[in-house]
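Can you keep this structure in mind? I'll have questions shortly.
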Amino acid sequence: MYFPQQTKKNEFLNESEDHLLRIHSLETFGTHDGPGIRMVVFTQGCQFRCLYCQNPDTLDIHGGSLISIDELVEKAINQQPFFSKKGGVTVSGGEPLLHRKQLITFFEKLHENGINTCLDTNGRVLDDATKELLDKTDLLLLDVKHINNDWHKKLTSLSNKTTLKVANYREETGKKMWLRYVLVPGWTDQEEYLHEWGRYFTNYKTIEKVEIIPFHQMGKHKWDLLNFEYAFADVKAPTPQEIEKATSIFNQYFKKVVVK
């Protein structure tokens with residue numbers, strides 16, 4: 001199976017200028033990536049190689065386009081009247097932590113203009129720069145793809161250890177987060193691991209909500225366009241009964257569980 005080049009474990013995607021951010025795309029009036037109406041910035045490049053990735057066009061670290069942080073801030077300010085009290089800016093990916101130095105500056109400038117910040121990440125990197133960025137992140141959306149490390153490696157090609165460390169660090173800071181879980185039949189729906197996932201996080205005080213995201217095939221056409229072999233071409237979306245089963249298990253451990 002062919003995937004674009006991966007970055008090294010703690011590599012930054014440094015551009016020639018710190019004020020530039022490499023992005024895949026922008027979404028205005030987003031309602032699926034954090035609270036309220038949001039401007040969503042999709043960064044380019046990712047270290048994970050998720051077999052079900054819905055946006056394989058974001059993986060290549062050399063793809064996308066460069067945009068200045070000041071231009072992004074200006075776009076956010078222009079949209080600010082629509083944010084109301086709950087909305088703001090979400091940075092997603094790809095994997096935004098590859099751009100953590102640039103995002104520190106971005107989030108600082110958003111806060112200077114009274115704009116809420118949200119980071120949607122798989123938690124692959126935890127270093128001083130990540131911690132600084134998380135300190136400037138009002139809400140963390142953390143995608144914990146599997147609690148079992150072996151299954152996590154099968155699914156993403158990488159370990160879940162750093163992701164769990166990011167969750168633990170966020171808990172220590174007392175700053176809020178939402179957890180996200182993609183439900184894939186045969187891969188992430190094993191009852192014993194759903195319980196283990198729930199038990200692992202059940203005592204966290206910072207978790208406001210758990211979002212279950214049912215797997216779907218809407219990203220398959222992107223794999224075809226890129227001439228990538230799609231390993232999940234024959235995987236079916238979870239049935240309503242399978243979604244209900246996962247929801248009922250998570251409800252045993254968390255106060256608020258929603259299906260996206």
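Picking from Val210, Val166, which residue would you name as being in contact with a helix residue (DSSP H, G or I) (Cβ under 8 Å, 6 or more places away or on another chain), buried (at least 20 other Cβ atoms within 10 Å of the Cβ) and part of a helix (DSSP H, G or I)?
Criteria check complete, one pass: Val166.
Name every residue in the stretch 161-214 that is farther than 21 Å from His32 by Cα and of a type in the set (Asp, Glu), in order of residue number.
Within the stretch 161-214, Glu171, Glu172, Asp189, Glu191, Glu192, Glu196 qualify.
Quick one: count up the residues across the stretch 151-163 that are free of Cβ contacts under 8 Å to residues at least 40 places away in the same chain and surrounded by 15 or more Cβ atoms within 10 Å (Cβ to Cβ).
3
Within the stretch 22-63, can you find the residues that are aliphatic (A, V, I, L, M) and under 19 Å from Phe83 (Cβ atoms)?
Result: Leu26, Ile37, Met39, Val40, Val41.
Kindly establish whether Phe107 is part of a helix (DSSP H, G or I) and either buried (at least 16 other Cβ atoms within 10 Å of the Cβ) or among the small types (Gly, Ala, Ser) (or both).
Yes.
For Leu140, work out the one condition from (1) assigned to a loop (DSSP other than H, G, I, E, B); (2) in contact with a strand residue (DSSP E or B) (Cβ under 8 Å, 6 or more places away or on another chain) it doesn't fulfil.
It is condition (1) that Leu140 fails.
Then there's this: Do you know which of the residues in the stretch 71-102 that are without any contact (Cβ under 8 Å) to a residue 24 or more places away in the chain and farther than 19 Å from Gln44 by Cβ is surrounded by the fewest Cβ atoms within 10 Å (Cβ to Cβ)?
Looking at residues that are without any contact (Cβ under 8 Å) to a residue 24 or more places away in the chain and farther than 19 Å from Gln44 by Cβ, I get Pro81.
Please go through (1) part of a helix (DSSP H, G or I); (2) modelled with pLDDT under 95 for Asp60 and return the number of the only condition it doesn't satisfy.
If we test Asp60 against (1) part of a helix (DSSP H, G or I); (2) modelled with pLDDT under 95, just (1) comes out false.
The values are calculated or read from the model by the stated rules, or taken from the named source; none is laboratory data. Because the structure is predicted, anything quoted here is derived from the model rather than measured. All Cβ positions, glycine included, derive from the backbone under ideal geometry; neighbour counts span all protein chains shown.
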